[in-house]
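The structure under discussion appears below in the form of structure tokens.
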């Protein structure tokens, strides 16, 4: 039996028949805490950030906490300014208001110029959970600020997840 699953990274997200759409916006509670070291022109950092979930649904009024490793290196110069490439990977714990939680793997990459507001684009994969999220799986497109140039803004993702069957 073939599954009708399309890549979530297409322009139109197709949700598998047995899954539901997840759309989330979370506002950073503070600017990410970044600990950097430089090796030549490359900067390596660990970063922690938290965000309050403002979207409706299961996770409304919940908290997103992430620990990531980020690599930044000079990119090619553009006519409009200097570019920095950033690759970020790590894990996030998402807790809802009932204290049920889920774990997600985060990966994104980006480029920034002095004159534009480019953000880190990538994916979030739902890996495991507790309570109502026990047995979760799914994936979402991720859109967030860059770690090295973050202000106080938001992290957003749009995709799908499969939640476990509810007790009958």
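Placing a pseudo-label 7 Å from each Cα along the Cα-to-Cβ vector at residue 21 and residue 39 gives an inter-label distance of 4.3 nm. Compared with the alpha-carbon gap, the fully stretched path from residue 93 to residue 30 is longer by 21.0 nm at 0.36 nm per residue.
Spin-label pair residue 69-residue 137: with each label point 7 Å from Cα along the Cα-Cβ axis, the two points sit 2.6 nm from one another.
Multiplying the residue separation of residue 154 and residue 52 by 0.36 nm and subtracting their alpha-carbon distance yields 35.8 nm.
Quick note: the coordinates plus some simple rules give every number you see, no bench work behind them. If you're wondering where the values come from, they're calculated on a predicted model, not measured in any experiment. Note that each Cβ is placed from the backbone with ideal geometry, even for glycine, and that neighbours are counted across all protein chains shown.
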